[in-house]
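Please treat every number below as a calculation from the coordinates, not as lab data. Not measured: the values here are computed from a predicted model. Heads up, the Cβs are rebuilt from the backbone with ideal geometry, glycines too, and the neighbour counts pull from every protein chain shown.
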Number of protein chains: 2
Amino acid sequence: MGDWREITGGVTAARGYRAAGITAGLKPSGLPDLALILSDADAIAAGVFTTSHVKAACVDYCRQRLQAKHSARAILCNAGQANAATGSQGVKDALESADLLAKELGISPEAILLASTGVIGQRIKMDILRGGIPKVVAALSETGSDAAAGAIITTDLVTKSIALETTIGDRPVRIGGIAKGSGMIHPNMATMLAFVTCDAAVAPTLWQQMLTRAADRSFNSITVDGDTSTNDSLIALANGQSRTPAITEMGAEAERLEAMLTAVCQHLAKAIARDGEGATCLVEVQVTGAQDETAARQIAKTIAGSSLVKSAIFGRDPNWGRIAGAAGRAGVPFEQDNLQIKLGDFLLFENGQPLPFDKAAASAYLKKAASGAYLKEDTVLISVSVGNGHGTGQAWGCDLSYDYVKINAEYTT
Amino acid sequence: MGDWREITGGVTAARGYRAAGITAGLKPSGLPDLALILSDADAIAAGVFTTSHVKAACVDYCRQRLQAKHSARAILCNAGQANAATGSQGVKDALESADLLAKELGISPEAILLASTGVIGQRIKMDILRGGIPKVVAALSETGSDAAAGAIITTDLVTKSIALETTIGDRPVRIGGIAKGSGMIHPNMATMLAFVTCDAAVAPTLWQQMLTRAADRSFNSITVDGDTSTNDSLIALANGQSRTPAITEMGAEAERLEAMLTAVCQHLAKAIARDGEGATCLVEVQVTGAQDETAARQIAKTIAGSSLVKSAIFGRDPNWGRIAGAAGRAGVPFEQDNLQIKLGDFLLFENGQPLPFDKAAASAYLKKAASGAYLKEDTVLISVSVGNGHGTGQAWGCDLSYDYVKINAEYTT
């Protein structure tokens with residue numbers, strides 16, 4: 001689709017990055033739980049963080065770091081304890097983590113960004129982290145992306161990773177990313193995390209603008225259960241090691257880079273939705289004909305997030321009424337008589353009225369897209385047109401199954 | 001609590017009202033499906049309707065009627081077909097229904113308000129309705145409230161009804177109400193409906209203002225699944241048959257009337273939440289310390305509507321992290337360090353940090369409030385303080401159970 005090709009290597013596909021993931025012992029399960037991404041040179045750094053007013057120490061830490069300085073060398077991520085709602089001790093723990101890693105790497109603590117995922121209200125097990133930091137540094141490798149991707153997940157069923165390559169000024173430029181997330185899981189296992197590396201040279205403000213827009217078109221357009229985590233973080237580094245000309249303003253090359261950045265983010269975002277708690281299928285909602293992109297995306301997100309639409313998809317029910325209902329309550333005015341709804345290739349609703357359609361075939365379409373969504377590429381596509389405007393927008397979600405309730409209602413004293 | 005007492009009689013408790021509910025044959029189930037409420041004299045009429053941009057013909061009809069004229073004599077409600085997304089034919093059907101009833105009652109069609117609930121996209125079965133109208137008029141009675149309450153429900157497990165009485169100017173004044181709703185149910189059985197009757201004499205604009213505020217503090221503060229119906233309607237009549245002095249401006253008597261109106265609406269709203277699809281308990285969220293009532297209610301609604309909080313309650317898990325998370329993402333700024341969370345009498349979180357508490361006892365508290373919520377008065381109470389402001393607000397919801405998914409995922413071709 002875009003002017004790029006998929007390559008291997010995740011966050012280490014871009015030039016000048018190493019990564020590692022180890023089992024430090026932070027997770028009770030004994031699974032990998034400490035990840036590190038290192039840029040060999042100073043990288044321009046941009047971030048998008050949770051909008052929640054209850055947030056983790058690492059989120060405040062990163063926001064402050066990036067406000068003071070638009071560059072970074074390393075991202076350290078622990079899984080197991082979210083270090084959210086942990087008060088002033090949580091802040092101290094975050095600062096100590098950065099100091100320890102800086103010392104081990106021989107760089108300034110200001111060049112370090114932090115992320116945590118795990119149980120809200122639990123501090124990072126600092127004794128274990130102190131022992132883990134030298135080990136994760138020792139494990140750094142140019143092929144370490146998969147290990148890092150495996151060490152940031154919590155109850156995810158699969159790791160999420162992608163890398164793309166394009167050409168700028170006759171030289172290859174690469175963007176890679178890893179992510180985690182499948183809802184907020186008991187007991188408070190939270191968080192959407194995504195780390196993106198790029199070897200282009202980009203001006204800091206431009207890079208942040210690109211990332212903000214890419215986040216709106218990807219991570220901010222997915223919904224598993226409508227709950228925003230205390231720890232959500234998207235961090236993107238651009239270290240200039242591709243030796244391509246610096247991109248300092250919007251133009252053809254900046255657009256190409258942003259399109260590839262958006263594609264990386266969308267791939268990771270869709271992988272999160274596909275791995276949604278209890279999900280049996282990925283649901284993509286495309287809205288056209290709205291006044292602008294924001295309005296279209298708002299309608300798409302409301303449909304993708306509707307419990308009733310999600311339940312209907314789980315029940316393989318081509319229920320256009322719920323789709324119309326969700327579109328109508330999205331807070332975006334439109335003429336009901338202009339509403340058109342398609343499910344896959346089935347036209348269900350047009351000019352404000354339902355159409356006759358083959359219900360059994362439409363149900364079979366939903367059934368086909370189900371079963372083991374996180375392993376497959378199958379997608380339930382809902383297309384909605386609300387008028388003649390030029391605004392288009394997308395959102396991604398998953399169905400609502402018994403297993404979502406089961407996963408989130410499990411409780412053991 | 002308030003300056004009133006509970007009486008029997010529902011919408012016929014207030015003086016000068018009759019009601020009826022019959023089986024016209026609109027519902028395939030053969031259960032009652034046509035209700036009528038009649039005021040013997042012209043009544044001041046106010047209404048609050050769905051904010052959805054996809055809405056039923058009866059909603060547009062009532063909005064237009066009430067805009068042109070602030071009074072009415074009758075409310076006709078059919079259950080079975082929602083007459084939403086039915087295009088211009090749906091509008092014609094609504095107008096014909098009003099004309100037929102007006103003829104039968106010997107009054108102007110402009111004095112008639114309409115409501116529908118049932119399957120979206122289905123027209124009212126007009127042949128059946130034409131036969132039903134004379135029957136429902138013949139069935140009108142001063143003790144007909146229960147019959148009317150039974151004829152407006154769809155998949156509700158119980159009918160919802162209340163009547164309160166107070167004194168204004170040494171004479172009794174009564175407000176009664178009936179309601180239906182338990183989510184939007186397959187196949188698109190939708191709608192929250194509430195009809196309120198009052199025998200006080202109130203100025204039209206004042207009555208509408210009172211109803212709008214009461215709706216914000218009741219029906220607009222409940223959430224079962226976050227989905228707004230195409231047909232949601234709250235209609236309140238005030239016919240002056242109590243022969244009490246006319247209330248034309250705010251003051252002590254207006255405040256007492258509004259408080260009682262709010263109490264009626266809250267009773268019905270809580271009854272709807274308690275009867276939420278698959279619910280095992282009613283959840284009440286009280287927020288204090290916010291900047292204003294709107295901010296407090298926004299936080300309360302976000303907590304009550306969180307799938308994760310709802311799942312945790314179903315799992316009897318005293319999960320303060322999810323409550324904190326939902327409070328944080330409500331879009332209302334507050335200082336995390338001021339956050340306090342209580343579950344029943346258990347203080348779980350204070351000064352931005354979790355407290356030690358008896359988890360087994362807190363879980364037992366949740367367990368006690370469960371099991372057959374719609375039959376009981378038990379409530380799970382979540383109290384949240386976010387600061388030192390004077391804003392307080394409430395919201396009501398229910399837990400998220402396997403049965404919610406089951407009810408909404410059922411699909412038969």
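Tabulated results
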quantity: A:Asp99/A:Leu157 FRET efficiency (R0 35 Å; Cβ-Cβ; nearest 0.05); calculated: 0.50
quantity: Helix-only CD estimate at 222 nm, as mean residue ellipticity for chain A, using -39500 (n - 2.57) per DSSP H run (n ≥ 4); calculated: -10000 deg cm²/dmol
quantity: Estimated FRET transfer efficiency (B:Arg130, A:Ser141; beta-carbon r; R0 56 Å; 0.05); calculated: 0.10
quantity: Karplus (6.51, -1.76, 1.60) ³J(HN,Hα), θ = phi - 60°, over region B:56-61, in Hz, Gly and Pro reported as x; calculated: 7, 4, 5, 5, 4, 4
quantity: Fraction of beta bridges assigned by DSSP in the protein assembly as shown that are antiparallel (%, nearest 5); calculated: 70
quantity: Residues of type lysines that A:Lys125 reaches as a straight line, Cα spacing below 17 Å, ignoring anything fewer than 8 places off in the same chain; calculated: A:Lys27, A:Lys92, A:Lys135
quantity: Efficiency of FRET between B:Glu335 and B:Phe357 - r from beta-carbon atoms, R0 30 angstrom, step 0.05; calculated: 0.85
quantity: For A:Thr167, distant residues with modelled amide H under 5 Å away; calculated: A:Val173
quantity: Segment A:Asp170-A:Ala41, extension gain: residue separation times 0.36 nm, minus the distance between their alpha carbons; calculated: 44.2 nm
quantity: Peptide A:310-319 - average C-beta neighbours from other chains (10 Å radius); calculated: 6
quantity: DSSP-assigned coil residues among trypsin sites (Lys or Arg not before Pro) in region A:204-272, each with at most 14 further Cβ atoms within 10 Å; calculated: A:Arg243
quantity: Inter-site label distance for B:Asp60 and B:Ser29 at 7 Å from Cα along Cβ, in nm; calculated: 2.9
quantity: Estimated vicinal HN-Hα couplings, Hz - region B:286-301 in sequence order (Karplus 6.51, -1.76, 1.60; Gly, Pro = x); calculated: 10, 10, 10, x, 7, 5, 8, 4, 4, 5, 4, 5, 4, 5, 4, 5
quantity: Summed side-chain charge close to A:Arg123 - residues other than A:Arg123 whose Cβ falls under 12 Å, Lys, Arg +1, Asp, Glu -1; calculated: -1
quantity: Cβ neighbours within 10 Å from other chains - mean over B:44-57; calculated: 3
quantity: For B:Arg15, residues with placed amide H under 5 Å, excluding near neighbours; calculated: B:Arg174, B:Asp199
quantity: Order by protection proxy (mean Cβ within 10 Å, highest first), peptides B:92-104, A:115-127; calculated: A:115-127, B:92-104
quantity: Nearby aspartates and glutamates by direct alpha-carbon distance to B:Lys69 (threshold 15 angstrom, same-chain neighbours under 8 apart not counted); calculated: B:Asp42, B:Asp60, B:Glu110
quantity: Integer Hz, Karplus 6.51/-1.76/1.60 couplings in order for region A:78-91, x for Gly and Pro; calculated: 10, 10, x, 10, 7, 6, 10, 6, 10, x, 5, 5, x, 5
quantity: Antiparallel DSSP beta bridges within region B:4-273, percent to nearest 5; calculated: 75
quantity: Calculated label separations, A:Asp358, copies of the chain, 7 Å along the beta-carbon direction, nm; calculated: 6.3
quantity: Average projection area in nm² (convex hull over Cα atoms of chain B, one quarter of hull surface); calculated: 19.5
quantity: Residue-span extension gain [B:Val91 to B:Gln209] - 0.36 nm each, minus C-alpha spacing; calculated: 39.7 nm
quantity: Label geometry 7 Å along the beta-carbon vector: B:Arg5 inter-copy distances in nm; calculated: 8.7
quantity: Chain B, relative contact order [Cα under 8 Å, separation at least 6], %; calculated: 18
quantity: Reachable aspartates and glutamates from B:Lys359, criterion Cα separation under 13 angstrom, eight or more residues apart if same chain; calculated: B:Asp317, B:Asp345
